[in-house]
Amino acid sequence: MQADAVFASPQSLTEALSGTGYLADEGLATVAWLAHALDRPLLLEGEPGTGKTALAEALSELLEIPLIRLQCYEGIEASQALYDWDFPRQILHLRAVEALGREGADPDALEAELFDERFLQARPVLQALREAPCVLLVDEVDRADDEFEAFLLEVLSTWAVTIPELGTVRAQTPPIAVLTSNRTRELHDALKRRCLYHWIEHPGLERELAILRARLPEVEEALAADVVGVVQRLRAEEDLVKPPGVAETLDWARSLEALGVSRLDPEVAAATLGAAVKYREDAERVRVALDRMLTR
């Protein structure tokens, strides 16, 4: 679908995304629309499983453009996001030069051969600059350190990077940039100011049920209502270490469907709880509460 049609208005974006199974509320659709209109990165924060990464995937599918993902982690360096040189191939090239008897070759010319485009390994950020239009997903940016944030801020401000041996690479069209954070630490104000921001809440019952029906239409309505109802109560009534997100709701419903279950009862809920709850303390608490939640 053409970007102009998708981003004609926030409502157009909402309707287009629904065709991919992603149901965005008005606030999220509006800020995503503005991020595109203003060529600004979009920073999404929220609990795991609330659909932050899924938005980037939905935009890629909707616009039929590549999704380039940079997964952040503790200790990630700029080179791992930008580019690296293929040292094994460079060494093989040197050996080939020796084998061909090119002793006395011009050192400057040989160096230029070693740092040729063919030996360059493009990492996600450089790949996005070259392949735009695309969706650049910087996932879990809160796991990276301050130095990486500073590097990322520079790239997001200019959409250009300089490779000393080759020159400057600049995106002809800025990528659609989506940054996600689970808020394991606070991001710096400079990075936040560069982006448009939205906090994604867990959806209410009706919207979560609509999401499940859109993503898993094969699940029976009664089972879908049972699963969503229990998940909603777990979030509201139980003091869990990590409440299940929408992703866990979908996993649980998918698991029950695979077992051929048509309704959720305490026994089958306890047996499949690992699809929705991922901490031992939470599982023990939920098992105690299942009889109460599923009593009809």
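No value in this document is a laboratory result; all are computed from the given coordinates. Values in this document were obtained by computation on a predicted structure and should not be read as measured data. Every residue, glycine as well, gets a Cβ built from its backbone with ideal geometry; the counts of neighbours run over all protein chains shown.
Things worth noting here:
- Cα-based convex hull volume of region 205-293 per residue, rounded to whole Å³: 80
- With respect to the chain, whose longest principal axis is taken over its alpha-carbon atoms, helix 221-237 is tilted by about 80°.
- Set of lysines with alpha-carbon distance to Lys278 below 17 Å, sequence-local pairs under 8 removed: Lys242
- For region 1-104, trypsin sites (Lys or Arg not before Pro) are listed when DSSP marks them as loop and at most 13 other Cβ atoms sit within 10 Å of their Cβ; the list is Arg102.
- Think of the chain as having a plus end and a minus end, set by charges on the Cβ of Lys, Arg, Asp and Glu; of Phe119, Ile68, Leu44, Leu44 sits farthest toward the positive end of this dipole.
- The local environment of Asp25, defined by Cβ-Cβ distances under 12 Å, has a net charge of -3 under the rule Lys, Arg +1 and Asp, Glu -1.
- As a size descriptor, the averaged projected area of the C-alpha convex hull of the chain was calculated at 19.6 nm².
- Annotation: amide H-H contacts under 5 Å for Ile76 (H modelled 1.01 Å from N, sequence separation of 5 or more, or interchain): Asp145.
- Other-chain or far-sequence residues with amide H under 5 Å of Ile200's (modelled H): Glu45, Gly46
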